[in-house]
Amino acid sequence: MRLNLNQLHGHLKRDLAPTYLVYGDEPLLVDEGCALIREVAQERGFNERNVMTVEPGFDWASLFSLTCSPSLFSPRQLIELRIANIKQSEAGADILDQIVEQPSQDVLLLVRAGKLDKRTMASRWVKALERTGVLVVVYPVAQNEFPGWLSHRMRAKGLTPEPGVCDLLAYHFEGNLLAAAQEIDKLAMLHGGGSIGPEDIRDNLSDNARFNVFSLVDTCLRGELTSVVRILTRLRSEGIEPILILRVLTREVRTLSQVALRLEQGEREASVFQAHNIWSRRQPLIRKAIKRCGSNGWLDILRQAARSDKVLKGHHAGNIWQELQHMAIAVCGKPKGVCE
């Protein structure tokens, strides 16, 4: 069975599976999903908890032995397996297979992992966990969903945000859910509950937004010029290498040019998206970007990327950060000479 995080609470009210795999690239939400499972498990008698972290040299036999051994302090035990490096989990595929195929009523296995790629999702150990237990996928909070997420979290803490408060928080904490949650906890401690206005938070806020290269790409695809400039400025201040930004932007533009060309040639959108491994959650972004430029427009941006590469390598005069900004703006807007 596969659930998203929003479905987990309802599932746990009805049932408690012998195994869970909670995974995603938002650590705060993964933590909270695991905490919910631990809370329900404790209510149902799994009072002993053993935490194991998969690191280089991890003894998989000890995990198997633990699942077969009776608990010393409780009739039932919860084993929490934290997988930091997905590649290391392949070494334990056989062990995980044995554990999930012969589950014990007195042992609950909770596996926590980061984002799983397509290859890992098709691996034997993940398939085994899905077949006999529950996979809980944790999606990042999308930019347009972030104010609503903040509002829900504030109300859960007894706070009532006044108009504009969640938008202000979203601006300062974009991409940094942990810092946002900590800020809400601080507000709850300071105010104890009740209404929160912009004046209650403005003086204490600093720009805590955390960006990465991939959030830059998605912002470009949405066509948000102001945010693009802001993210690039932050990446530069954090010491992110320009070559990483150029590689990711170029890869995205190359995909867009190929997708646009195939659609112009009459191929079905669903087939094209599948051929380029474009997930359903990203398809609206791709559609929006494709509408702005035809295949020739994307090829022009690829030529711009080639120029940026020469600047980066010192073969052409120019400022690489200006080049990256021009390229990013070309992806998200309609500068003259790039898109018709």
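The values are calculated or read from the model by the stated rules, or taken from the named source; none is laboratory data. Just so you know, these numbers come straight off a predicted model, no measurement behind them. Here the Cβ is made from the backbone with ideal geometry for all residues, glycine too, and neighbour counts use every protein chain on show.
Considering only residues in region 183-203 that are farther than 19 Å from Leu28 by Cα and surrounded by 13 or more Cβ atoms within 10 Å (Cβ to Cβ), the one that is modelled with the highest pLDDT turns out to be Ile196.
Rundown of residues vs (1) free of Cβ contacts under 8 Å to residues at least 24 places away in the same chain; (2) surrounded by 12 or more Cβ atoms within 10 Å (Cβ to Cβ); (3) of a type in the set (S, T, N, Q), yes/no style:
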{"residue": "Ser215", "(1), (2), (3)": "no, yes, yes"}
{"residue": "Cys220", "(1), (2), (3)": "no, yes, no"}
{"residue": "Ser271", "(1), (2), (3)": "yes, no, yes"}
{"residue": "Ala289", "(1), (2), (3)": "no, yes, no"}
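Filtering region 170-182 to residues that are over 12 Å from Gln143 (Cα atoms) and surrounded by 20 or more Cβ atoms within 10 Å (Cβ to Cβ) leaves only Ala180.
Counting the residues of region 133-169 that are crowded, with 17+ Cβ neighbours inside 10 Å and in contact with a strand residue (DSSP E or B) (Cβ under 7 Å, 6 or more places away or on another chain) gives 11.
For region 163-196, which residues satisfy the criterion of being assigned to a loop (DSSP other than H, G, I, E, B) and in contact with a Ser or Thr (Cβ under 6 Å, 6 or more places away or on another chain)?
If the condition is that a residue be assigned to a loop (DSSP other than H, G, I, E, B) and in contact with a Ser or Thr (Cβ under 6 Å, 6 or more places away or on another chain), then Gly175 is the only one that fits.
If I filter region 316-329 for residues that are at pLDDT 90 or above and among the charged types (D, E, K, R), do I get at least one hit? Scanning region 316-329 turns up at least one residue that is at pLDDT 90 or above and among the charged types (D, E, K, R).
So how many residues does region 105-140 have that are in contact (Cβ under 8 Å) with a residue 40 or more places away in the chain and either part of a loop (DSSP other than H, G, I, E, B) or out of contact with any Gly (no Cβ under 8 Å at 6 or more places or on another chain) (or both)? Break it down stepwise before answering.
Taking region 105-140 first, the residues in contact (Cβ under 8 Å) with a residue 40 or more places away in the chain are 105, 107-116, 118, 126, 129-130, 132-140.
Still in the running and either part of a loop (DSSP other than H, G, I, E, B) or out of contact with any Gly (no Cβ under 8 Å at 6 or more places or on another chain) (or both): 105, 107-108, 110-116, 118, 126, 129-130, 132-135, 139-140.
Residues meeting the conditions: 20.
Val229 - would you say it is surrounded by fewer than 18 Cβ atoms within 10 Å (Cβ to Cβ) and either in contact (Cβ under 8 Å) with a residue 24 or more places away in the chain or of a type in the set (Phe, Trp, Tyr) (or both)? Spell out how you get there, then give the answer.
Numbers: surrounded by fewer than 18 Cβ atoms within 10 Å (Cβ to Cβ): yes; either in contact (Cβ under 8 Å) with a residue 24 or more places away in the chain or of a type in the set (Phe, Trp, Tyr) (or both): yes.
Yes; evaluated as a whole, the condition is true for this residue.
Total residues in region 1-23 satisfying the condition of being in a helix (DSSP H, G or I) and over 19 Å from the mean Cα position of the chain (by Cα): the figure is 6. Screening the candidates Leu285, Leu324 for the property of being closer than 15 Å to Ile243 by Cα, in contact (Cβ under 8 Å) with a residue 60 or more places away in the chain and either over 31 Å from the mean Cα position of the chain (by Cα) or not in a loop (DSSP other than H, G, I, E, B) (or both) yields one hit, Leu324.
Considering every residue within region 112-125, establish whether at least one is β-branched (Val, Ile, Thr) and buried (at least 19 other Cβ atoms within 10 Å of the Cβ). The answer is no, given that none of the residues of region 112-125 is β-branched (Val, Ile, Thr) and buried (at least 19 other Cβ atoms within 10 Å of the Cβ).
Just one of (1) of a type in the set (A, V, I, L, M, F, W, C); (2) part of a helix (DSSP H, G or I); (3) at pLDDT 90 or above fails for Leu66. It is (3).
Does Arg303 satisfy being at pLDDT below 90 and either within 24 Å of the chain's Cα centre (by Cα) or of a type in the set (Lys, Arg) (or both)? Considered against the rule, which asks whether it is at pLDDT below 90 and either within 24 Å of the chain's Cα centre (by Cα) or of a type in the set (Lys, Arg) (or both), Arg303 comes out as no.
Output the residues belonging to region 23-62 that are of a type in the set (Lys, Arg) and in contact (Cβ under 8 Å) with a residue 40 or more places away in the chain. Of everything in region 23-62, just one residue is of a type in the set (Lys, Arg) and in contact (Cβ under 8 Å) with a residue 40 or more places away in the chain, namely Arg38.
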